[in-house]
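The values are calculated or read from the model by the stated rules, or taken from the named source; none is laboratory data. Computed from a predicted structure; not experimentally measured. Using ideal geometry, Cβ is built from the backbone for each residue, glycine included, and neighbour counts are taken over all protein chains shown. Heavy atoms of the whole protein, side chains included, go into the accessibility calculation; ligands, DNA and RNA do not. Shrake-Rupley method; radii C 1.70, N 1.55, O 1.52, S 1.80 Å.
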Amino acid sequence: MCGDIISSGDIHLATDSNIYFNEPSSTDQFITGRDSYISIDGDDYINLYADSSVKFHTPAVGIGNTTPPEVLTVEGNISASGNIIANEITASG
């Protein structure tokens, strides 16, 4: 199919189907959904833009970690160009 797809209702894909953003034979950039998750593969990076905020409705977020033990878990170094504001800071090492 070539051209735009316009729908006045839902668009459903079969299980294990993908939405590609380039040649169908390539897997560089796609969105896929499975039983309990959605994956977005942006090849080099993914941009999220919003007028006011990006919200994550999840009990935990892992950056470089697939099973975060805390609400926010970051594997590796953290860089900040502004202030760090916290009620309590615990450090080790």
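Could you tell me which of the residues I84, I19 is free of Cβ contacts under 8 Å to residues at least 24 places away in the same chain and either aromatic (F, W, Y) or open to solvent by 90 Å² or more (accessible area, probe 1.4 Å) (or both)?
I84
Of everything in region 36-70, what is over 12 Å from the mean Cα position of the chain (by Cα) and surrounded by 10 or more Cβ atoms within 10 Å (Cβ to Cβ)? Give them in sequence order.
Scanning region 36-70 gives D43, A60, N65, P68, E70.
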